[in-house]
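Everything on this sheet refers to the single structure shown next.
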Amino acid sequence: MQPPSPTTTPPPGHCPNCHTPGMSVFYRVARVPVHSVLLMETREQARNYPTGDIQLGFCHTCGFISNLVFDPSLHEYSSKYEATQSYSPTFNKFHRTLAQNLIERHNLRGKDIIEIGCGQGEFLILLCEMGNNYGIGFDPAYNHYPLESEARERITFVKDFYSEKYTHVQGDFVVCKMTLEHIPNTAEFVGMVRRAVGDRPETTIFFQIPSVRRILHECAFWDIYYEHCSYFSRESLTYLFEHAGFEVLRVAEEYDHQYLTIEARPRLPTQPAPPPPPTAELARQVQAFAQNVPQKLAWWREKLQHIRANGQRAVIWGGGSKGVAFLTTLDISDEIGCAVDINPKKHGTFMAGSGHEIVAPEFLRHYRPDVVIIMNPIYRAEISRDLQRMGLHPEILTVE
């Protein structure tokens with residue numbers, strides 16, 4: 001997450017990724033909450049939380065997608081920001097495997113690691129524990145809890161945005177996970193990271209962001225929310241890093257095609273940047289999304305109305321950004337009883353925009369829903385086991 005930099009903001013309608021003019025708008029949503037995972041202590045606060053608009057524009061030059069009316073001044077990255085996924089066994093298994101693979105591929109043992117947008121430091125801690133590394137993490141939402149890790153003496157956290165004032169901090173490996181999608185001026189941000197690396201060809205960079213191709217293919221409107229102002233495909237992500245002065249080593253899809261990852265190192269000055277990528281196929285996917293998403297929205301509205309008309313109780317499982325986008329984009333109220341989440345820090349708080357209460361899974365023992373709508377299909381098996389453990393057998397739907 002990066003504070004706004006007015007001096008580097010491209011002119012209106014220009015692509016923040018390649019600065020080419022003429023981005024075309026293909027999807028609009030009005031008055032959505034500007035934050036999805038801040039802890040809202042009352043229903044009134046949640047319902048009255050500030051809103052902004054989404055107008056997604058597509059760049060035909062590099063394939064980048066951006067919210068053209070994004071206003072970073074509306075954001076509040078503070079200690080109330082709660083986005084950890086570490087309460088899920090499914091996610092923790094993925095996280096450990098990812099860390100182990102990076103350690104093996106890049107020989108991360110006894111190295112200095114920098115993480116930009118580290119959250120509560122879960123991944124940085126893994127890298128330091130598993131590879132005996134040294135770490136420094138930057139995030140304005142970091143909470144200084146007592147660190148229960150054998151690596152705690154080797155890790156430092158800075159409760160601040162990573163910016164030019166920290167580019168003197170050097171590392172052998174730079175990590176930035178699920179952060180670049182929050183940054184409007186992507187070319188300037190990655191350029192800053194390249195300047196920070198400087199003349200250190202052995203430094204490796206790893207970024208992870210959501211994959212927009214899956215969003216387009218599934219018409220996944222629940223994965224489009226205000227915090228995410230930047231959306232990447234392989235093409236636009238590769239273009240961004242190559243033109244910032246990196247040599248791209250690897251681009252991959254992870255976590256059931258939900259995440260896009262890139263690994264890179266500084267490019268030698270003698271190596272020219274490649275030309276812009278072909279974007280015709282991606283443009284067709286953008287057009288298909290624009291044509292098909294109204295039907296996806298209509299299907300879910302009709303389904304929820306049918307559930308309510310039959311007197312059934314329905315809940316969503318997932319009290320994070322996907323759930324907020326699902327409820328607010330569909331303008332859902334009484335059709336859903338509550339939102340379930342395994343993160344205990346969220347229990348008793350409320351969903352931004354709709355005001356639905358977030359409850360613990362155990363609440364369902366007494367509520368006994370007829371329908372559970374899972375906000376991320378990768379957790380279906382995990383959630384099904386939790387429901388069976390509580391003696392519950394509702395109809396399970398997933399957003400996909």
Per the list (1) surrounded by 16 or more Cβ atoms within 10 Å (Cβ to Cβ); (2) without any contact (Cβ under 8 Å) to a residue 24 or more places away in the chain, residue check on Lys165 breaks on (1)
Of Leu147, Leu216, Leu180, Leu127, the only residue that is over 17 Å from the mean Cα position of the chain (by Cα) and crowded, with 17+ Cβ neighbours inside 10 Å is Leu127
All conditions in (1) part of a helix (DSSP H, G or I); (2) not assigned by TED's automatic domain parsing to the domain that holds Pro210 are true of Gln55 except (1)
When every residue in region 109-126 that is among the charged types (D, E, K, R) and in contact with a Gly (Cβ under 6 Å, 6 or more places away or on another chain) is compared, the one nearest to Gly137 (Cα to Cα) is Glu115
Residue pairs qualifying under the 9 Å Cβ cut-off, at least six apart or on distinct chains, with the first in region 384-396 being within 17 Å of Ser88 (Cα to Cα) and the second being loosely packed, with under 14 Cβ neighbours inside 10 Å, are Leu387/His393
| request: Would you mind stating whether Val190 is in a helix (DSSP H, G or I), aliphatic (A, V, I, L, M) and either at pLDDT 95 or above or touching a strand residue (DSSP E or B) at 6+ places or on another chain (Cβ under 6 Å) (or both)? | output: yes
When region 301-355 is checked residue by residue, the ones that are touching a residue at least 40 places away in the same chain (Cβ under 8 Å), of a type outside the set (Gly, Ala, Ser), in contact with a strand residue (DSSP E or B) (Cβ under 7 Å, 6 or more places away or on another chain) and more than 15 Å from Glu395 (Cβ to Cβ) are Val324, Phe326, Thr328, Thr329, Lys346, Thr349, Phe350, Met351
Would you confirm whether any residue within region 45-60 is aromatic (Phe, Trp, Tyr), in contact (Cβ under 8 Å) with a residue 24 or more places away in the chain and closer than 15 Å to Glu181 by Cβ? no
Being modelled with pLDDT of 95 or more, surrounded by 15 or more Cβ atoms within 10 Å (Cβ to Cβ) and out of contact with any strand residue (DSSP E or B) (no Cβ under 7 Å at 6 or more places or on another chain) narrows Gly63, Gly57, Gly52 down to just Gly63
Practice task
Kindly check whether there is at least one residue in region 308-316 that is out of contact with any Phe, Trp or Tyr (no Cβ under 6 Å at 6 or more places or on another chain) and on the phi > 0 side of the Ramachandran plot.
Solution key: yes
Restricted to region 13-49 and to residues being aromatic (Phe, Trp, Tyr) and in contact with a Gly (Cβ under 8 Å, 6 or more places away or on another chain), the residue surrounded by the fewest Cβ atoms within 10 Å (Cβ to Cβ) is Phe26
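The values are calculated or read from the model by the stated rules, or taken from the named source; none is laboratory data. Just so you know, these numbers come straight off a predicted model, no measurement behind them. Using ideal geometry, Cβ is built from the backbone for each residue, glycine included, and neighbour counts are taken over all protein chains shown.
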